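The values are calculated or read from the model by the stated rules, or taken from the named source; none is laboratory data. Only a predicted model underlies this, so the values are computations on that prediction, with no experimental measurement involved. FYI the Cβ positions are ideal-geometry reconstructions off the backbone, even for glycines, and counts take in every protein chain you see.
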There are 2 protein chains.
Amino acid sequence: MPSLSNFGERLLTAGMSHPLGVRQAQKQKTRQAFLDAALVLLEEQSLSSLGLREVTRAVGVAPTAFYRHFPSIADLGVELVKEALDSLHPLIGSTASAEGDRAERCARAVDLIAGHVEAYPAHVRFIAREWHGGVQPVREAIRRQLARFAEEVKVALAQHPESEGWSDEDLLMLAGLYVDQMLMTASQFLVALESSPEERDRVVRVTTQRLLLIDIGRDHWND
Amino acid sequence: MPSLSNFGERLLTAGMSHPLGVRQAQKQKTRQAFLDAALVLLEEQSLSSLGLREVTRAVGVAPTAFYRHFPSIADLGVELVKEALDSLHPLIGSTASAEGDRAERCARAVDLIAGHVEAYPAHVRFIAREWHGGVQPVREAIRRQLARFAEEVKVALAQHPESEGWSDEDLLMLAGLYVDQMLMTASQFLVALESSPEERDRVVRVTTQRLLLIDIGRDHWND
DNA sequence: GGAGTCAGTGAACAACTGTAACCACAGGCG
DNA sequence: CGCCTGTGGTTACAGTTGTTCACTGACTCC
């Protein structure tokens, strides 16, 4: 009986990753502690200057323990990319499939971005910073994932009736423009966050107008 | 007679900064050596991880000599921002005042950007990297300068006949969009530089289309 | 021509870095 | 139950870092 239940527990059952052995559970816990601590430290520096010891110190663990979880800081960074962009992923779905009036759609998109930035500022800061940052594998990971996002947006756009007569390449161009614009907007909210609420309002206004202009361009693309 | 010529030399005569004392000239020379060396080192790391000793070693000078020129690495960074964005400045002038057909104008703008990136890749990489980077004073310096660029573009746009009926705020919004798009384009050329020439062509196509779409949106803004 | 300024040197500092070897001990498995 | 695996701890090492201080010697100025 106990051997049977143990057997079931240590399987990484699809969809239910929770019931792991106590051992594995503890490991993932400290692993997550590394990721969280790193994210905090990265709020005021970039990954290429983040020290291994700095992270372990923040977690409250021996320096060498780091190697049990990541081969290097760069790999920790790649993992953070996954985490951060996974949290951003649902956002692109709901913005791409928004309904209603043009102005409403744009305003709603900006609102969603603002909400996300205020919910996960550290994640957003990390992505914005390392997007062009000094650690090549991390840069590549971000670029790859953003390319996937653009691909997704393209598919979503293709289903809209406004996209009739659009070539596949042009749709991807527009999708990329949206994705990039989303990140730029998020970054602007980031700086507005540590400024006045009036600045936040200004950013809302400006970025909404930007989206509007792009949307208008989209409507008259095939003239 | 010699005292008279010396007197003239050591004045920082307006417009002619060349005839300084031998002393000052040598100082500015090593100062420039610091900036150049730093720029090279920054091609594969970000400023927040750039060490003082690393720079002095590259210049071939004692570590302490650094302090004769900059109080800290961050100040070196701010100076690099000036240098890099000054080299980028003429570009925004010539793109904003471009003439001709819409497609021609956009293609020419992309061409100018591509040319600049290939002429000063290190400058562009530095700006793109530190734009959201980990050193606050540098970030601020870049943002301030980019805001000035946007202001300039706004003024240039206002003179165009297409800008009739545009509010000042909307013009600034458009100008900011152009400036940001310019940097994003430059960054994309940067990654294309260390890739295939076909990738470069793809970037040319996509970014030109992006500008075109924005330009179309501009035309139909007041409908 | 003599005094003074100052860019650059060299040695020394305490603090820090990544990483290696070895050890302890709790959880998992037969 | 007892053996083994493996997370995490400990100690140590060799380099590196930023910054200080007193110094030299060439250039500048009167």
Fill in: Pick from region A:121-172, criterion closer than 21 Å to residue B:128 by Cα and acidic (Asp, Glu), ranking: surrounded by the fewest Cβ atoms within 10 Å (Cβ to Cβ)
A:140
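Quick grid of which residues meet (1) outside any helix (DSSP H, G or I); (2) in contact (Cβ under 8 Å) with a residue 12 or more places away in the chain; (3) surrounded by fewer than 18 Cβ atoms within 10 Å (Cβ to Cβ):
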{"position": "B:38", "(1), (2), (3)": "no, yes, no"}
{"position": "B:48", "(1), (2), (3)": "no, yes, no"}
{"position": "B:61", "(1), (2), (3)": "yes, yes, yes"}
{"position": "B:76", "(1), (2), (3)": "no, yes, no"}
{"position": "B:82", "(1), (2), (3)": "no, yes, yes"}
{"position": "B:85", "(1), (2), (3)": "no, yes, no"}
{"position": "B:90", "(1), (2), (3)": "no, no, yes"}
{"position": "B:95", "(1), (2), (3)": "no, yes, no"}
{"position": "B:114", "(1), (2), (3)": "no, yes, no"}
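Residues checked against (1) under 22 Å from residue A:134 (Cβ atoms); (2) surrounded by fewer than 15 Cβ atoms within 10 Å (Cβ to Cβ); (3) more than 12 Å from DNA strand C (Cβ to nearest atom); (4) basic (Lys, Arg):
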site	(1), (2), (3), (4)
A:22	no, yes, no, no
A:25	no, yes, no, no
A:41	yes, no, no, no
A:44	yes, yes, yes, no
Discussion item. Quick check on residue B:123: is it more than 28 Å from residue B:219 (Cα to Cα), touching a helix residue (DSSP H, G or I) at 6+ places or on another chain (Cβ under 8 Å) and free of Cβ contacts under 8 Å to residues at least 40 places away in the same chain?
Written reply: no
Worksheet item: For region B:173-205, what are the residues that are among the β-branched types (Val, Ile, Thr) and surrounded by fewer than 19 Cβ atoms within 10 Å (Cβ to Cβ)?
Response: B:191
Discussion item. Kindly evaluate residue A:126 against the criterion of being at pLDDT 95 or above, part of a helix (DSSP H, G or I), within 16 Å of DNA strand D (Cβ to nearest atom) and among the hydrophobic types (A, V, I, L, M, F, W, C).
Written reply: no
Item to complete: Scan region B:188-223 residue by residue and report those that are in a helix (DSSP H, G or I) and among the small types (Gly, Ala, Ser).
Response: B:192, B:217
Discussion item. Given the options A:118, A:54, A:9, A:79, name the one that is near DNA strand C (Cβ under 10 Å from one of its atoms), at pLDDT 90 or above and charged (D, E, K, R).
Written reply: A:54
Discussion item. Residue A:193 - would you say it is within 23 Å of residue B:131 (Cβ to Cβ) and touching a Pro at 6+ places or on another chain (Cβ under 8 Å)?
Written reply: yes
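To keep it simple, each residue is scored yes or no on (1) among the hydrophobic types (A, V, I, L, M, F, W, C); (2) more than 13 Å from chain A (Cβ to nearest Cβ).
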| residue | (1), (2) |
| --- | --- |
| B:154 | no, no |
| B:160 | no, yes |
| B:168 | no, no |
| B:172 | yes, no |
| B:176 | no, no |
| B:180 | no, no |
| B:184 | yes, no |
| B:187 | no, no |
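Results for (1) of a type in the set (A, V, I, L, M); (2) away from DNA strand D (no atom under 13 Å from the Cβ), shown as yes or no for each residue.
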| position | (1), (2) |
| --- | --- |
| A:44 | no, yes |
| A:55 | yes, no |
| A:62 | yes, no |
| A:79 | no, yes |
| A:85 | yes, yes |
